[in-house]
Amino acid sequence: MPPEPMPSGPPWSGHGQWPQANQALRTLARKPAAAPARELARRFAEARGFLAPFMERLCAATCPRCLDPCCVRARLWWGFADLAFLHLAELPLPLKQMTYAPGGACPHLGPHGCHLERPLRPWVCDWHLCPEQKARLGGWDQGERRELVQVLERARGLRKQMLEALVQGVG
């Protein structure tokens, strides 16, 4: 028998799958063995907090006049790591997986940018820098650029450690 094809859309977007995924992650995140992962999620949230002013500055300078906005072009959703982070950090959970109207923008995009606070967004919304933003960084002070790179690398590392700790703790 051939293997089932991989789903082409976001995970947990089928009928009843979102609540099931959240219940499973809630159970895992509350286990005593997940305590190291919860601590790493707290530290990852803190690193994202340090990253937010940099991203807000870049977005304010580039997004309003962008002709090809990522929030319109890209199709994002909460993946396992994003949802695990929200549970481990005890942050508010989205009511459902992201869905897009044909040709539509991110459902959280409003006239003044994203409606979601940065820690509630998928991680890609914080680490992705478009070509215009990368070019804009050239005008920043070298110390600011270095700090941005350090904060991004720290956050990436903490996120990876968080997932490893979660898998180890509940495995």
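The values are calculated or read from the model by the stated rules, or taken from the named source; none is laboratory data. Predicted, not measured: the structure shown is a model, and the values here were computed from it. No Cβ is skipped: glycine too gets one built from the backbone with ideal geometry, and neighbour counts run over all protein chains shown.
Okay, here's what the table says:
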quantity	calculated
Some residue of region 123-136 being surrounded by 15 or more Cβ atoms within 10 Å (Cβ to Cβ), at pLDDT 95 or above and not in a helix (DSSP H, G or I)	yes
Complete set of residues in region 18-37 that are touching a residue at least 12 places away in the same chain (Cβ under 8 Å) and over 16 Å from ARG156 (Cα atoms)	TRP18, ALA21, ASN22, LEU25, ARG26, LEU28, ALA29, LYS31, ALA33, ALA34, ALA35, PRO36
Close pairs from region 150-171: first within 25 Å of MET55 (Cβ to Cβ) and free of Cβ contacts under 8 Å to residues at least 40 places away in the same chain, partner surrounded by fewer than 16 Cβ atoms within 10 Å (Cβ to Cβ) and hydrophobic (A, V, I, L, M, F, W, C), Cβ under 8 Å, at least 6 apart	ARG156/TRP127
Matching entry among ARG38, ARG42, ARG118, ARG48 (being under 20 Å from LEU148 (Cα atoms), in contact with a helix residue (DSSP H, G or I) (Cβ under 6 Å, 6 or more places away or on another chain) and modelled with pLDDT of 95 or more)	ARG48
Meets criteria (touching a Leu at 6+ places or on another chain (Cβ under 6 Å) and either over 21 Å from ARG154 (Cβ atoms) or among the aromatic types (Phe, Trp, Tyr) (or both)) for LEU93	yes
Residues of region 72-96 satisfying the condition of being surrounded by fewer than 18 Cβ atoms within 10 Å (Cβ to Cβ), more than 22 Å from ARG43 (Cα to Cα) and either touching a Gly at 6+ places or on another chain (Cβ under 6 Å) or not aliphatic (A, V, I, L, M) (or both)	ARG73, ARG75, LYS96
